[in-house]
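Below is one structure, written out as structure tokens; comments come after it.
The values are calculated or read from the model by the stated rules, or taken from the named source; none is laboratory data. Computed from a predicted model, the values in this text were never measured in an experiment. Heads up, the Cβs are rebuilt from the backbone with ideal geometry, glycines too, and the neighbour counts pull from every protein chain shown.
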Amino acid sequence: MLQKPFVVANWKMNHGVKHSVEAAADIVVGLKQIPFTGGVVVCPVDTALMAVQTIVEESPVALGAQDVSWEDTGSFTGEIAPWMLREVGVDYVIVGHSERRKYLNETDEMVNKKTKNALEEGITPIVCVGESFEQRQEGEQEHVVMRQVQKALDGISLGPAHSILFAYEPIWAIGTGQAIDAEEANHMHSVINQILIDHFPDQVVKENTTILYGGSADEKNTPGFLEKQHINGFLVGTASIKSQQFVEVIKAVHNAT
Ligand code: 13P
């Protein structure tokens, strides 16, 4: 796994331009008090990307988008190509979030094509995987997540300059305030890690991949997750909306690593 831990804010459809800029500025200031050497990424809505970039460009905070097209140009109304995200300073993109899989019918094949297209443009994908409550009740979580990861990686190889992040987000833990047990998350991360080992050379797994946890991650529970071998950061929703709380999450991660 990539050595440094990541803390990624997924603001979803919560902040417009004004609040995104304010939140980003707060995080930049907050980070000055924390000698955190891991990665910090903020993912605003597309309309706020340019404005947020002007806030974070001289800081350790990186810019992420929440989605990307698998196409590069042409008649695809409403879509945004990776090179267009690059143009405004985007380095990371969330791909296949469960909310997009659910509400916009994103399939594993689309996730794979988006992941490939992002990588080709040098954008680091943060690929989201995770089982539903029903799937867990049926004991299918490993199978579901394995299939999602394998399909996302289909035909993908990583050059030395490219990285890929996975975020294990059990759907039933998202937005509930009730995170999954750290040991169980670690088990699911180990399942994902094994697929990475099967798919990529050892060196690539070590240096160019990492696995984040998402689903009610906050400043209180993150240290417990980080004690686990295969958990190396967080994709944070609710606890990233208030910038001060997100800074607390980064602080907690810093203190725990
Ligand atoms: P919450 O942190 O609100 O559970 O959201 C997690 C998530 O979906 C991040 O992508």
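Does TYR103 count as in contact (Cβ under 8 Å) with a residue 40 or more places away in the chain and of a type in the set (Phe, Trp, Tyr)? Judged against the criteria, TYR103 is not a match. Of all residues in region 152-176, exactly one satisfies the criterion of being near the ligand (Cβ under 10 Å from one of its atoms) and within 18 Å of ALA118 (Cα to Cα), namely ALA167.
Scanning region 223-257 for residues that are more than 15 Å from ILE27 (Cα to Cα), out of contact with any Pro (no Cβ under 6 Å at 6 or more places or on another chain) and without any contact (Cβ under 8 Å) to a residue 60 or more places away in the chain yields PRO223, GLY224, PHE225, GLU227, LYS228, GLN229, ILE231, ASN255. Of the residues in region 52-62, none is touching a Leu at 6+ places or on another chain (Cβ under 7 Å) and within 15 Å of the ligand (Cβ to nearest atom).
Let's see how each residue does on (1) in contact with a Ser or Thr (Cβ under 8 Å, 6 or more places away or on another chain); (2) buried (at least 17 other Cβ atoms within 10 Å of the Cβ); (3) modelled with pLDDT of 95 or more; (4) part of a loop (DSSP other than H, G, I, E, B):
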residue: HIS19; (1), (2), (3), (4): no, no, yes, no
residue: GLU22; (1), (2), (3), (4): yes, no, yes, no
residue: VAL29; (1), (2), (3), (4): no, no, yes, no
residue: MET50; (1), (2), (3), (4): no, no, yes, no
residue: ALA62; (1), (2), (3), (4): no, yes, yes, no
residue: ILE80; (1), (2), (3), (4): yes, yes, yes, yes
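All of VAL127, VAL145, VAL149 fail the test of being assigned to a helix (DSSP H, G or I) and within 16 Å of the ligand (Cβ to nearest atom), apart from VAL145. For region 177-186, taking the residues that are under 21 Å from GLN3 (Cβ atoms) and within 16 Å of the ligand (Cβ to nearest atom), the one that is nearest to the chain's Cα centre (by Cα) is identified as ALA185.
In region 161-204, the qualifying residues are those that are polar (S, T, N, Q) and not in a helix (DSSP H, G or I), and the one that is nearest to HIS230 (Cα to Cα) is SER163.
Conditions tested, residue by residue: (1) within 13 Å of the ligand (Cβ to nearest atom); (2) over 19 Å from LEU63 (Cα atoms); (3) modelled with pLDDT of 95 or more.
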site	(1), (2), (3)
MET188	no, yes, yes
VAL191	no, yes, yes
GLN203	no, yes, no
LEU212	yes, no, yes
ASP218	yes, yes, yes
THR222	yes, yes, yes
ALA252	no, yes, yes
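One residue is enough: does region 222-234 have a residue meeting the conditions within 16 Å of VAL42 (Cα to Cα) and under 15 Å from the mean Cα position of the chain (by Cα)?
Keep residues of region 222-234 that are within 16 Å of VAL42 (Cα to Cα), which gives 233-234.
Checking which are under 15 Å from the mean Cα position of the chain (by Cα) leaves us with 233-234.
Yes: region 222-234 contains one or more residues that are within 16 Å of VAL42 (Cα to Cα) and under 15 Å from the mean Cα position of the chain (by Cα).
Taken over region 6-19, the criterion of being away from the ligand (no atom under 16 Å from the Cβ) and in contact with a helix residue (DSSP H, G or I) (Cβ under 7 Å, 6 or more places away or on another chain) is satisfied by GLY16, VAL17.
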